[in-house]
Structures are given as C-alpha cells and as structure tokens.
Amino acid sequence: MTSPHHTEGPTPTRIGRLDDLPLQLTSFVGRERELEEIEDLLGETRLLMLTGPGGCGKTRLAMMAAERVADGFEGGVGWVWLAPVSDQTLVPRTVASALGAREAPGLSPTEALVERIGDSEVLLVLDNCEHLIEACAALVDGILRSCPGLKVLGTSREPLNIAGETAWSVPPLSRPAPDDAFDPGELARYEAVRLFVERAWVAAPGFQLTAENAAAVARVCERLDGLPLAIELAAARVRVLSVEQISHRLDNALGLLTEGGRMAPFHQRTLRGALDWSHDLLPEEEQVLFRRLSVFGDGFELGMAEGICSGSGLDGGDVLPLLSRLVDKSLVLVTDREGEARYRLLATVRQYAEEKLRLSGEEPETRRRHARFYLELAEQAGPEFTGPNQEEWLDRLEGELGNLRAAMRWSLGSGGPGDAEVGLRTAGALWRFCYLRGYYGEGRGWLERALALDEPVRSSPHARALTGAGVLALLQCDYEPAEERLEESLALYRELNDGRGEASVLQVLGSVARERGYYERAKAYHEESLALWRVLGDDGEIARSLNYLGFAAWLQEDFDQAVELCTQTLGMFRRPGDAEGVAWALISLGSAALYGGDRARAEALLEESLATSRHAGYREGIAWSLNQLGVAAYRGEEPGRAETLLRESLKVHRNLGDRWRIASVLEGLAEVACSRGLTERATRLFGAAEALREAISTPIPPCERDDRDRGVSVARAGLGEETFARARARGRALTLEEAIAQASEVSHPPEVPAPLTHDLSAREVEVLGLVAEGLTDAQVAERLFLSPRTVGHHLRSVYRKLEVPSRAAAAKTALERGLI
C-alpha cells in the first residue's frame with residue numbers, strides 16, 4: 001500500500017522484515033474468516049486492537065495477520081512483546097528499542113521512536129497490552145498523531161479506549177453444539193476439534209478422531225468454549241488419559257489444564273496462570289463483582305446482577321459501571337444484545353471465579369440471594385403455565401435452566417435448613433414446567449431430594465411438592481410411586497383442610513388409575529373430586545372433573561356416556577367464556593365421537609376446538625386439536641391429510657418444547673407412514689420416538705402401546721428383521737431436531753394401482769375379503785390391527801354401499817362383482 005503522506009527523500013531503513021516476526025513451532029488451525037476480516041479492517045483503520053479473554057488466541061491471530069499484510073508495509077513490521085514489562089514508564093523505551101530507535105541526548109524514547117518511524121509505512125504490533133494499558137494508550141495516541149504512515153495492531157484483554165481505535169473481539173474457535181451428531185467426518189469441520197486432534201497427535205503420535213472417541217472430543221471442545229489455550233492443554237493430557245477421562249475431569253478444568261510448554265510465557269503455561277494474570281490486574285471492586293457473578297449458571301441480565309451481587313460493600317448502583325469494565329476486559333461476554341443484553345462467563349472463567357468466591361467467604365450469602373431470586377421467578381411463572389403467555393414463560397424458564405439448576409444444587413446440597421425450604425418451594429413451583437418441557441426425571445429428582453430434607457414439615461409447599469412428584473412419576477409410567485406420593489399429598493391436604501388441593505389430587509389419582517386400566521377406580525376418584533368441586537362452587541374445576549369422567553367413559557368405549565358428560569362440560573365452560581376449557585371439552589367430545597364411529601361429527605367438533613384455540617392463542621389446544629384431526633384423517637383413510645395435520649401438530653409441540661407429546665406425534669406419523677407403504681421411514685420415526693422417550697425417562701403409556709406395537713409389527717414384517725434393525729438404529733441415532741426435520745418432510749408414497757371402480761374404501765375391501773374367508777369380527781380385528789368396534793363400523797358401511805343385509809350376502813356380491 002502507498003501512503004498518501006509519502007514525501008520525497010531517501011528511502012528509510014525498514015523497521016523489520018517478515019523474517020523478524022516471532023517464529024512459531026506449531027501449526028495454525030482455522031481462523032481463515034477472522035484473518036480476512038482483520039486484513040480488511042487494517043485497510044480501513046490505523047489502530048486495531050484484538051481483544052478477548054486469556055487463551056483465546058489473540059497473539060497467534062495477530063502474528064498470522066501481520067504475516068499476511070507485511071508486504072503491504074514498505075517500512076516493515078515491528079513486533080513488540082510487552083508481557084515481561086511490569087513498569088508503565090518503561091513502555092516507550094521498550095517499543096523504541098524493539099524498533100531500533102537510537103537514544104540521543106535531548107530526545108525522549110517516544111521522540112526517538114517518532115524520528116525512527118518518520119513518514120514510513122509501518123505496522124507496529126503491540127502484544128499483551130492489558131497490564132500496561134494507560135502507558136500503551138498514551139504512547140499509541142502520540143505516535144499515531146506524529147507518524148502518518150503508521151498503523152498499530154495490538155492484542156489486549158481490554159481496548160485502549162482512545163480516539164480512532166477499532167476494537168475487534170476475537171471469537172472462540174468453531175465447535176460442535178451439545179446436540180450435534182458425533183460423526184468423525186462431520187466433527188472434523190470444526191476448528192476446535194481439528195486443533196484438539198492435531199495437538200493430541202503431537203502429544204501421542206498416532207492419535208486419531210474415531211467413532212469411539214468422537215463424542216468425548218466433541219464434549220471437551222464444547223465444554224471448553226472453543227478456547228484455544230484450554231483445548232491445547234486438554235489435548236496434551238492424552239499422553240496419560242483417554243479423551244473420555246479428560247471429558248469427565250473437566251469439572252476441575254483448572255487442575256487438569258496445566259503443564260503447557262516450558263518456553264511459553266508463564267501466564268500461558270496453565271489455564272490458572274492465564275486467569276491469575278487477568279484477575280490480578282482488576283481493582284478490588286471489580287474483583288468482588290467478578291467472583292460474585294460466578295453464581296450464575298447460565299448467563300444473566302443486568303437486573304439479576306444488581307439484585308444478587310450487590311450488598312456487603314458493593315452498592316447496586318455500582319454494578320453497571322463495574323460490569324461494563326469486566327466486559328471491556330473480556331472476563332464477561334455479552335451474548336445477546338436484542339432487547340435486554342444478556343451476559344455470561346466462559347465455563348473455565350466461571351470455575352476460576354467460583355474458587356475466588358469460596359476463598360472470600362462470601363459464597364453462602366451470594367448463593368442464598370441467587371436461590372431466593374430464582375424462587376421468586378419460579379413462583380411468578382407458575383400461574384402463567386396455563387394462560388395465553390404459556391409459551392413465553394416456558395421459554396423464559398428454559399433460558400434460565402442453568403441458573404435454576406445452580407439454585408437447586410445449592411438449596412438441596414450445600415445450603416442450610418432455610419435453604420432446603422427454598423429448594424422445596426422452588427421445586428414445587430417448577431414441576432409444571434418440568435411436565436410441559438419433558439424434564440420428568442430431573443424435576444422428580446429435585447422434588448424427592450427436597451421432600452427428604454423437608455420430611456418433618458407439614459405445610460402446603462410440602463403437599464404441592466408431593467403432588468408434583470406424583471404427577472412426574474405418572475408421566476414416567478411409574479405408577480406405584482406415583483400413587484404413594486399422591487396419597488401422601490391427599491392426606492396432607494385433608495390434614496390442612498385444603499379442599500382445593502384435595503380435589504386436585506383426587507383428579508390426578510383418577511388419571512393414574514385410568515392409565516393402569518382401572519377404569520372403575522378412576523371413575524370413583526373423579527366422582528369424589530367432582531363432589532368436592534361442587535361444594536367449593538368452582539365451576540371451572542367442576543367442568544374439568546366432568547371432562548375427566550367423560551374421558552374415562554370414552555376409554556371404556558361407553559361413547560354415549562362420554563358424549564353426555566363432555567357435553568355438560570362444554571356447556572359449563574361456555575358460560576364464563578373459558579376458551580381453554582371450551583377447547584378441551586370439544587377435543588374430548590370430538591375424540592369420543594371419533595372412536596364411537598361418527599367421524600363427520602368428530603371432525604366438526606375438532607375443527608371448532610382448533611378455531612377456538614387459535615382465537616384464544618392457546619397453543620396446547622391448537623396442537624392437540626391438530627393431533628386428533630390427524631388421527632381422524634388417518635382412520636378415514638386419508639393418509640396424506642393425516643400426515644399434514646400431524647406435521648403441523650408436531651411444529652406447535654416443538655415450539656412449546658413438549659418432548660413427551662413430540663414423541664407421541666412421531667409415533668403417529670410413523671403409523672401413517674406404515675399405512676402408505678413407507679416402512680423404512682416409519683421405522684426411523686419409531687426409533688427416534690423410542691430414543692426420545694428413553695431420554696426423558698417416560699415409556700409409552702399402556703393406552704397408546706397397542707397402536708404403536710401394531711405399527712412396529714407391520715414395519716418389521718415389511719422390511720425383514722435385518723433391514724428393520726438398521727433403520728430403527730438410524731432413527732435412534734437422530735438428534736431431536738433431526739428427527740423433527742425428517743418427520744416434517746413431505747413423504748411420497750410408492751406407486752399404487754388405479755382406484756377401484758366402486759365406492760368401497762381400500763380398508764373396507766380388506767375387511768370384506770377376510771369376512772369372505774370366514775373370519776369373525778374379532779379375528780378380522782386382530783389380523784388388521786383394528787378394534788372389533790371399528791371392524792363392525794366398516795361392515796355396516798359395506799352393507800349400505802352394496803345394498804345387502806348380511807355378511808354372507810356381502811361376500812357373495814363382492815365375489816360376483818370381482819371386488820375381492
């Protein structure tokens with residue numbers, strides 16, 4: 001590049017040559033995009049500072065960038081390593097000496113440096129400015145004003161904050177996400193993985209990324225946030241540990257990631273050394289806030305930091321300026337600037353800050369404030385889980401899941417008796433969130449630990465926790481513990497004279513009995529609950545109890561009774577304008593009509609439920625209405641329409657994060673695929689649903705098991721055992737998002753023969769053919785995986801269409817017309 005300030009005169013001596021840059025003995029991995037961006041920025045600005053936390057690769061990136069642009073600087077490139085310099089006053093002399101500026105009487109080091117550079121086109125690289133930030137800022141500001149051809153590239157954990165500066169934050173290396181597939185070929189695309197593998201090979205020649213170690217390598221790179229120094233130190237451990245062992249030991253990353261190269265700067269030999277270097281440069285107030293921020297398990301917003309980290313010598317009004325300085329010094333990252341900014345500490349930085357918090361003696365009080373803050377959030381969210389803001393609140397708690405987990409660990413682990421009560425109340429407030437988002441095992445674990453700590457206390461929070469534990473056990477089809485916890489809750493509510501709690505638990509006990517097939521017991525529980533709600537005068541809950549009774553009647557195939565009860569429910573919900581209640585009553589009525597054989601009425605009711613739910617913005621009602629409409633289309637032998645409706649239902653359930661119902665819809669789509677002859681697709685979806693149920697610790701409920709098992713049997717018979725096993729394994733290996741993506745694709749069924757020239761459906765022809773062979777309704781049902789009631793419905797339709805009065809006449813007419 002040619003400087004616009006170039007003047008006539010002798011060519012100045014070059015400051016440095018490309019060969020003068022520090023020589024590196026290890027390969028440089030990735031960063032092509034970053035290098036291109038730095039090169040572009042150096043063409044636009046005279047002062048570019050590469051900022052980031054210790055170990056993020058600032059020095060190597062500056063080195064590679066300097067090599068790429070060196071030929072464009074006629075006066076050369078000067079490299080100044082400032083890490084060994086501890087005295088601010090020595091900065092000008094150190095830089096002047098590195099660039100060959102001669103000291104002379106009457107000239108300060110800065111003046112000598114300006115004279116040395118003159119008007120030449122020079123790139124000055126200042127490495128490790130953070131501990132000398134004021135002196136570096138003063139020097140750079142002065143020489144840039146005096147040397148028009150000079151450009152400065154610096155590395156620091158914070159910007160210089162002078163006029164004309166461009167601060168560029170060095171990003172981490174690209175790394176796999178927790179739910180990425182662990183295929184070695186795919187993982188090798190990530191820079192963090194390539195760096196780990198290359199450095200591991202140096203430590204243990206012959207090391208390779210394989211199918212066996214791929215998952216562990218991915219976990220290491222993800223947990224270390226793509227931080228190059230941490231990854232290099234971890235890779236060096238393969239001399240003595242397997243990658244799986246390294247992954248498991250990262251909870252103590254500061255102890256594990258030691259023993260860097262002896263010739264590396266001291267603060268880059270260990271992760272702790274790098275962090276000590278940054279921490280020791282902080283003023284006392286910044287150190288206080290830094291260590292207190294370690295209580296946040298998954299990021300935080302400004303108000304959270306002000307509420308939790310202030311006190312004990314730190315005023316709430318001081319948090320923002322102190323937090324801003326920690327961001328400037330790359331110890332805190334800003335991760336989301338849309339709406340309200342969100343902040344976080346890198347995992348290894350957080351471990352270091354936690355150590356400092358423990359040593360300070362402030363940990364108990366800070367964690368106690370953190371736990372109480374999240375208790376308030378959980379209790380605030382509770383009433384919102386059934387309203388129009390349901391999805392918003394579920395997403396909010398999902399975003400705070402790391403913090404909720406940290407609060408629960410403290411409350412139910414290290415805290416005292418008062419903290420255990422906070423844990424109990426938090427777990428009791430969160431069980432509906434765990435139910436709706438599929439965290440059954442985790443939520444149940446919180447509740448059981450809280451109940452064990454709180455056993456002597458007889459209180460409403462204790463009763464709520466018992467109820468939550470029972471519900472989550474029910475969702476895991478763990479029926480005996482579910483009944484035990486619910487019965488304890490029922491007894492406690494009765495002891496506390498809490499009629500509402502008692503009636504609610506009776507409803508859930510009815511659901512447990514229903515799931516186990518004990519329909520009479522279920523009916524008794526629901527009737528007892530209904531009687532209590534009538535005494536309490538709660539029309540909404542009376543209607544819900546009637547709906548439960550209608551559902552129980554439906555499962556017993558007493559469809560007339562089901563319709564009667566659900567009709568009462570609908571009338572009660574309509575009176576106060578309870579849109580959610582109306583939607584569920586319509587769903588129950590529609591389902592009863594569907595399984596009772598009146599598909600036209602079922603679809604009309606379900607369409608009304610869908611419209612009601614859409615108008616009210618009730619996402620759960622939308623999802624279930626679509627689901628049941630899909631079932632109706634499937635039973636009506638419209639597999640294409642069924643697939644469309646179920647795919648839309650899947651999308652809503654996915655947005656809600658309801659993994660249990662996602663598994664159910666995947667199974668429904670698999671059954672549709674079976675009916676269309678797409679047995680391999682069906683098998684993959686069955687496998688994906690099976691893996692998802694295992695991941696959330698909930699087996700398929702008994703009431704859904706027969707339909708799923710019939711579909712699996714058809715798929716197995718269609719593919720053969722070996723092909724079926726391979727397809728099922730591929731489905732089980734899919735991530736949740738991959739499974740949803742595959743299920744959301746429009747399927748294309750194989751070619752089918754031309755339509756029959758009569759009004760009988762394909763299913764009716766199947767039934768008629770088996771009847772002609774002499775099979776009874778029960779035998780036909782078993783052969784076609786249908787219920788006897790459905791077979792009877794098909795036969796009545798056949799009689800009507802063929803205008804015949806009996807089975808024998810139908811078979812005779814079908815044979816005569818060549819229909820079978």
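FYI, it's all coordinate maths here, none of it is from the lab. Please read these numbers as outputs of a predicted model, since none were measured by experiment. Positions of Cβ are generated from backbone atoms using ideal geometry, with glycine treated the same way; all protein chains shown enter the neighbour counts.
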Q) When the chain is fully extended, how far beyond the present Cα-Cα distance does residue 398 get from residue 163, taking 0.36 nm per residue of separation? A) 80.4 nm
Q | Paramagnetic reach from residue 341 in region 291-311 [backbone N under 20 Å; point 7 Å along Cα→Cβ] | A | 291-310
Q: Quick one: dipole size for region 340-384, taken about the Cα centre, charges +1 on Lys/Arg Cβ and -1 on Asp/Glu Cβ, in debye to the nearest 20.
A: 200
Q. So which GluC sites (Glu not before Pro) in region 292-339 pass both tests, a DSSP loop state and at most 12 other Cβ atoms within 10 Å of the Cβ?
A. 338
Q. Under a plain spin-label model, where a point goes 7 Å from the Cα along Cα-to-Cβ, how far apart in nm are residue 535 and residue 710?
A. 4.3
**Q.** Built amide H within the under 5 Å cut-off of residue 74, gap 5+
**A.** 121
Q) How much FRET efficiency would the formula 1/(1 + (r/R0)^6) give for residue 500 and residue 479, where r is the Cβ-Cβ distance and R0 is 35 Å, rounded to 0.05? A) 0.90
Q. Could you list log10 I(q)/I(0) for region 659-744 at q = 0.21 Å⁻¹, which the Debye formula gives when each Cα is one point scatterer?
A. -0.90
Q) Ordered by packing density, taken as the mean number of other Cβ atoms within 10 Å over each peptide's residues, highest first, how do 464-474, 148-158 rank? A) 464-474, 148-158
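Only counting other Cβ atoms within 10 Å, I'd like 79, 624 sorted with the fewest neighbours first.
With the sparsest Cβ surroundings first, the list reads 79, 624.
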(Q) Assuming 0.36 nm per residue, please report the length gained on full extension of the stretch residue 803 to residue 458 beyond their Cα-Cα distance. (A) 117.3 nm
Q: Mind putting together the pair-distance distribution for region 87-208? All Cα pairs, 5 Å bins, whole percent per bin, short to long.
A: 2, 9, 16, 16, 11, 8, 7, 9, 9, 7, 4, 1, 1, 0
Q. How long are the semi-axes of the ellipsoid equivalent to region 18-169, from square roots of 5 times the Cα gyration tensor eigenvalues, in whole Å, largest first?
A. 23, 17, 15
Q.
If you scale each eigenvalue of the Cα gyration tensor by 5 and take the root, what three semi-axes come out for the chain, rounded to whole angstrom and sorted largest first?
A. 66, 34, 22
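Below 10 angstrom from the Cβ of residue 362, what's the summed charge of the other residues (Lys, Arg +1; Asp, Glu -1)?
Summing Lys/Arg as +1 and Asp/Glu as -1 gives +3.
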Q: State to the nearest 20 debye the size of the charge dipole of the chain about its Cα centre, where the only charges are +1 on K and R beta carbons and -1 on D and E beta carbons.
A: 1300
Q: For residue 745 and residue 733, calculate 0.36 nm times their separation in residues minus their Cα-Cα distance, and state this gained length in nm to one decimal.
A: 2.5 nm
Q. Which residue, chosen from 809, 383, 571, occupies the Cα position most advanced towards the positive end of the dipole of the chain, where the dipole is computed from +1 (Lys, Arg) and -1 (Asp, Glu) charges on Cβ about the Cα centre?
A. 809
Q | Net +/- balance of residues flanking residue 438 in space, Cβ distance below 13 Å, scoring K and R +1, D and E -1 | A | +3
Q) Got a sec to turn the phi values of region 399-414 into Karplus ³J(HN,Hα) couplings, 6.51 cos²θ - 1.76 cosθ + 1.60 with θ = phi - 60°, whole Hz, x for Gly and Pro? A) x, 9, 4, x, 6, 4, 5, 5, 5, 5, 4, 5, 4, 9, x, 7
Q: Find which of 778, 636, 431 sits farthest along the positive direction of the dipole of the chain, computed with +1 on the beta-carbon of Lys and Arg, -1 on that of Asp and Glu, about the Cα centre.
A: 778
Q | Cα lying deepest toward the dipole's positive end in region 282-361, options 300, 359, 331, charges on Cβ | A | 359
Q | Percent breakdown of C-alpha pair distances by 5 Å bin, ordered from the shortest bin, for region 328-407 | A | 3, 12, 16, 22, 21, 14, 8, 5, 1, 0
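What order do you get for 514, 369 when you list them from fewest to most C-beta neighbours inside 10 Å?
If I rank by nearby Cβ atoms, fewest first, I get 369, 514.
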Q.
As a test of the formula, what do you get for the chain when each DSSP H run with n ≥ 4 contributes -39,500 (n - 2.57) and the sum is divided by the residue count, at 222 nm and rounded to the nearest 500 deg cm²/dmol?
A. -20000 deg cm²/dmol
Q) Roughly how many debye, to the nearest 20, is the charge dipole of region 287-404 about its Cα centre, given +1 on each Lys and Arg Cβ, -1 on each Asp and Glu Cβ, and no other charges? A) 680
Q) Most exposed first by the Cβ proxy, i.e. fewest other Cβ within 10 Å, how do 343, 525 rank? A) 343, 525
Q. Got a sec to turn the phi values of region 688-694 into Karplus ³J(HN,Hα) couplings, 6.51 cos²θ - 1.76 cosθ + 1.60 with θ = phi - 60°, whole Hz, x for Gly and Pro?
A. 5, 5, 4, 5, 5, 4, 5
Q. In whole Å, what is the distance between the alpha-carbon centres of region 667-701 and region 45-115?
A. 62
Q) Taking R0 as 41 Å, what's the FRET efficiency between residue 186 and residue 240 from their Cβ-Cβ distance, rounded to 0.05? A) 0.90
Q.
If I model a spin label as a point 7 Å beyond the Cα along the Cα-Cβ vector, how far apart are those points for residue 638 and residue 87 in nm?
A. 8.8
Q) Based on the Cβ-Cβ distance of residue 615 and residue 212, what FRET efficiency does E = 1/(1 + (r/R0)^6) give at R0 = 60 Å, to the nearest 0.05? A) 0.65
Q) Can you list, largest first and rounded to whole Å, the semi-axes you get for region 762-817 by taking the square root of 5 times each eigenvalue of its Cα gyration tensor? A) 17, 11, 9
Q) Which of the GluC sites (Glu not before Pro) found in region 647-726 are loop residues per DSSP with 12 or fewer other Cβ atoms within 10 Å of their Cβ? A) none
